[in-house]
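Beneath this line is the structure, given in structure tokens, with notes to follow.
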Amino acid sequence: MRLQDQVYELYKKNICENMEENRRGALAMKEALEKSPLNYKGVMEKTLQIPKVFDRETVEHFSKITEISVRIFDKVVHEYKKNPEYRKLFPFSKELEELILLPPSYDGNLAIARLDIFYDQSTGDFRFCEINTDGTAAMYRDLEMRKALIYNPAHKAAEEKFDLRPFELFDSWVQTFLGLYDTYDQKREHPFVVMADFLENATIKEFEEFKRSFEKAGIQCEICDIRTLRYTGGALYTEEGRRIDAVYRRAVTADIMDHYEEVRDFIEAVRNDDVFVAGAFQTQIIHNKWIFHVLRHESTKAFLTEEEVSFVEEHIPLTLELSDGYISLEEVRRTKDRWIIKPMDAYASKGIYAAGKDYAQADWDRLTGDLYGKGYLCQEYCRQYMTENIDFAWGDGEWHPYINMPGLYVYNGKFAGVLMRMACGENIIVAHENERTVPVFQV
């Protein structure tokens with residue numbers, strides 16, 4: 001039996017033999033999380049009783065998935081920038097294309113990313129769900145949920161027998177960020193860093209944790225609303241008038257384009273390369289959900305190796321625009337169990353997400369008719385890998401199969417850690433609804 005399976009069985013055995021003790025522990029965890037930063041603006045992040053533990057073999061596989069994915073993404077970004085015809089495959093406005101074509105402040109293409117995959121840990125098979133390279137977040141969930149494990153008796157039993165080690169995602173990102181900054185032509189010895197976002201959308205406590213990590217590294221850092229930054233005299237300044245040397249951009253590109261006039265100062269500073277920014281706007285090439293269609297396009301296969309083409313065909317689900325010219329409405333309806341519908345470019349599960357297999361035919365026909373030609377994607381549904389888990393705190397305290405969707409954090413092209421999201425039954429994982437996040441360890 002694999003080591004990660006041994007750990008899982010120990011958790012399960014402890015829970016089955018000590019149900020009431022684990023129930024009390026779960027309720028104590030719930031109380032702790034309700035008082036934590038994960039209870040924010042009326043939204044509560046929820047967890048389960050068994051964390052996710054991966055052994056060395058799986059961690060090495062995650063590293064290999066990251067390596068080949070990044071290699072492919074680098075080639076796509078390169079082709080996009082040099083080939084005007086290739087750019088026509090992407091649904092970007094002229095204004096966004098201009099920003100994407102700006103050279104990044106650093107060596108490399110993707111400063112930070114998260115690859116969300118459906119992963120069968122019994123076989124190592126996987127399929128991509130989404131690729132997040134823009135405002136990549138949620139590191140704080142793992143950190144806070146780990147703290148609450150002091151109340152989990154099954155976890156205490158596992159720790160006594162196994163060497164469980166978490167992934168560290170804050171200090172490691174700061175070191176990655178500073179390494180990228182070191183490649184900037186206009187770098188300064190002691191940079192002043194700003195974390196910039198539309199603060200009404202920001203996870204402030206997560207930002208504050210990153211701020212502490214920057215300060216621990218001897219770097220002064222502030223959290224700013226991107227709309228308040230001012231560009232004058234060839235430099236970008238905070239609202240209080242402090243010159244900014246480097247920006248950790250958490251404002252997603254879709255929000256920036258929606259508020260283009262309000263963030264012109266930031267955009268002009270980036271356009272003139274008068275401030276270091278990670279990540280660059282070119283991340284949108286890979287972030288947009290249409291990338292799945294482009295990756296399978298013959299124009300992309302033409303510059304990939306045979307190994308890379310096989311990787312795409314095996315692991316990237318077929319993705320089409322839900323519109324005339326890509327797939328007929330009749331076919332979408334006739335083969336409903338094959339498809340999932342999702343918005344072209346949204347985050348945090350915004351917009352309508354629907355799997356055909358969850359709908360009666362008449363309801364599916366009505367939904368697809370409403371969304372056809374309205375900026376939605378039609379994507380091949382991926383089989384889910386399930387593991388049993390139990391939810392005493394928000395659920396019924398019974399064992400149920402849960403979808404497993406690890407998100408592989410990537411820092412400057414290297415695998416850095418995992419965000420583990422799960423959901424009960426074969427349903428779509430919807431943020432803040434059926435979604436459960438469990439802390440992750442390596443053993």
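No value in this document is a laboratory result; all are computed from the given coordinates. Only a predicted model underlies this, so the values are computations on that prediction, with no experimental measurement involved. Cβ coordinates were reconstructed from backbone atoms using ideal geometry, including for glycine residues, and neighbour counts include every protein chain displayed.
Some observations on this one:
- In the stretch 2-66, trypsin sites (Lys or Arg not before Pro) in a DSSP loop with at most 16 other beta-carbon atoms within 10 Å: 2, 35, 41
- Cβ-Cβ FRET estimate between residue 56 and residue 204, R0 fixed at 35 Å, reported to 0.05: 0.45
- Annotation: amide H-H contacts under 5 Å for residue 377 (H modelled 1.01 Å from N, sequence separation of 5 or more, or interchain): 322, 342, 344.
- Rounded, prolate or oblate (a/c below 1.5 giving rounded, otherwise prolate when a/b exceeds b/c) for the stretch 274-325 by Cα gyration tensor: oblate
- Computed 3J(HN,Hα) for the stretch 359-369, one whole-Hz value per residue from the Karplus formula 6.51 cos²θ - 1.76 cosθ + 1.60 where θ = phi - 60°, is 10, 5, 4, 5, 5, 5, 4, 5, 5, 5, x, glycine and proline marked x.
- For the stretch 22-36, the Karplus equation 6.51 cos²θ - 1.76 cosθ + 1.60, evaluated at θ = phi - 60°, returns couplings of 5, 4, 4, x, 5, 5, 5, 4, 4, 4, 5, 5, 5, 8, 9 Hz by residue, with Gly and Pro reported as x.
- Here residue 336 is the anchor, and the lysines within straight C-alpha reach of less than 23 Å, apart from those fewer than 8 places off in the same chain, are 289, 350, 357, 374.
- Dividing the helix sum by the residues of the chain, where each DSSP H run of 4 or more adds -39500 (n - 2.57), gives a mean residue ellipticity at 222 nm of -11000 deg cm²/dmol.
- For residue 389, the residues whose modelled amide H falls within less than 5 Å of its own, excluding neighbours fewer than 5 places apart on the same chain, are 400, 402.
- Only Lys, Arg (+1) and Asp, Glu (-1) charged, at Cβ; the chain dipole about Cα centre in debye: 280
- GluC sites (Glu not before Pro) within the stretch 282-325, DSSP loop, no more than 13 other Cβ atoms inside 10 Å: none
- Annotation: the antiparallel percentage among DSSP beta bridges lying fully within the chain is about 75.
- Beyond 28 Å in Cα-Cα separation lie the following of the pairs 82/342; 46/342; 147/414: 82/342.
- Measuring spread by the Cα atoms of the stretch 237-310 yields a radius of gyration and Dmax of 17.0, 54 Å.
- Build a GNM of the chain with springs between Cα atoms under 10 Å apart, and of 208, 200, 268 the one that fluctuates most is 200.
- Using the alpha-carbon positions of the stretch 318-381, Rg (one decimal) and Dmax (whole number) come out as 10.5, 30 Å.
- Net +/- balance of residues flanking residue 119 in space, Cβ distance below 9 Å, scoring K and R +1, D and E -1: -1
- Among 36, 294, 184 the positive-end extreme of the charge dipole of the chain (Cβ point charges): 36
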